[in-house]
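The values are calculated or read from the model by the stated rules, or taken from the named source; none is laboratory data. Keep in mind that this is a model prediction, so the values were computed, not measured. We place every Cβ from the backbone using ideal geometry, glycine too, and count neighbours over all the protein chains shown. These accessible areas exclude ligands, DNA and RNA; they are computed on the full protein's heavy atoms, side chains included. Shrake-Rupley method; radii C 1.70, N 1.55, O 1.52, S 1.80 Å.
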Amino acid sequence: MTGSRRTRGLAMAAALLLVLTACTAGFGDLKLRIAAGNPGGVYDKLAQTLATAWQSGLDIERPQVLQTQGSPDNVDRVLAGQADVAFVAADVAADRYKDRPGLAALARIHDDYLHIVVRADSSIRSVAQLSGHRIAIGSPASGVEFIANQLLEVAGLTHSVTTTLRGLDDSVASLLNGEVDAFFWSGGLPTPKLVGYNDKTSLRLLDIADLMPRMQALSQVYGTATIPASTYNQPLPVTTLVVPNFLVVPKSMPDDVAEALVRGLFDARNQLAGANPAALSIDVHPGIETQPIPLHPGALRYYRAQKT
């Protein structure tokens, strides 16, 4: 073999090695912490499934899923460097972003629907009639508490109701035993816990159509939606508020990591839907709709490659 042919052969071998290395390179040293939520909740179930998918897809140590109070806690952990990825309600993310623009979004993942629940035999028929009553408004530092306080303020009820902080299970139990007269919940449709009780027609939802213009003026992320009567065995459908959920990261996350995480998210759609039906709505096209939180440059690179 001549010198030039030998040189060309070595160059081709080196190029092939680079291609193979690039194709098989993983993120072996990458360690991730995912801020999720309460054990067994939607965020937690999706985070556990996503952690397993990222472990396999990125060839990394399984990400640590952090149990948290919910969206406000999750955002604060990312901004404080105590979490690398977080599930968060869009209204909470938008509120924090105004003063601390250190967040970037990977994707819009699924939507939650506001439920304001009373007993089926209650005389309360509207939000205005909550005045003078006891209301459970979600777990401390949760997205439910955030949205409940927003709505009570818009409705002019902040100082005319007695609020208590309780999670969903405690809220349902407290409503049925008379400790509270109503409770707030924000979750997917249907929320299994509520389905079980409404098979017995124990609970009723309040319509908030009259408050939606003021809520939407408060935040651009709020949308209007209808909860069909059949969802919870209700006498009538109700108009309510819908809020998206985002997957967010620090702006400082390397582009290649963010791109790989987004790819892993969409590759794991079937597993995520198996973990919770809310994930059925995860899709590339609505995934880019994260305003006012900007998409991370790495995430944007993924979406552009998908021609979205």
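Legend: residues Phe246, Phe146, sorted from most to least accessible area (1.4 Å probe; ligands, DNA and RNA excluded), read Phe146, Phe246.
For Leu203, the residues whose amide H sits under 5 Å from its own are Ala120, ignoring neighbours fewer than 5 places away on the same chain, with H placed 1.01 Å from N. Bridge orientation summary for the chain: considering DSSP beta bridges with both residues in this region, about 70 percent are antiparallel.
Counting charges near Ser186 (Lys, Arg +1; Asp, Glu -1) among other residues having Cβ under 12 Å from its Cβ returns a value of -4. Rounded to whole numbers, the Karplus 3J(HN,Hα) couplings from phi for region 155-170 are 7, x, 10, 3, 9, 10, 10, 9, 9, 9, 9, 8, x, 4, 4, 5 Hz, using 6.51 cos²θ - 1.76 cosθ + 1.60 with θ = phi - 60°, and x at Gly and Pro. Under a Gaussian network description of the chain, with springs only between Cα atoms under 10 Å, the residue in Ile116, Ile137, Ile60 that fluctuates furthest is Ile60. Each stretch of four or more DSSP H residues adds -39500 (n - 2.57); spread over every residue of the chain, this sum gives -12000 deg cm²/dmol at 222 nm.
Taking all protein chains as they are arranged and a probe of 1.4 Å, the heavy atoms of Ser160 leave approximately 40 Å² accessible to solvent. Take every Cα pair under 8 Å whose residues are at least 6 apart in sequence, average their separation, divide by the length of the chain, and the relative contact order is 23 percent.
Taking a quarter of the surface of the Cα convex hull of region 186-308 gives a mean projected area of 9.2 nm².
For the peptides 61-72, 203-214, the ranking by mean Cβ contacts within 10 Å, running from highest to lowest, is 61-72, 203-214.
Computed over the alpha carbons of the chain, Rg followed by Dmax gives 23.0, 96 Å. Comparing Val161, Val118, Val88 in a Gaussian network model of the chain, where Cα atoms under 10 Å apart are tied by springs, the biggest mean-square fluctuation is seen for Val161.
Between Ser56 and Val284, the distance separating the two model label sites (each 7 Å from Cα on the Cα→Cβ line) works out to 2.1 nm.
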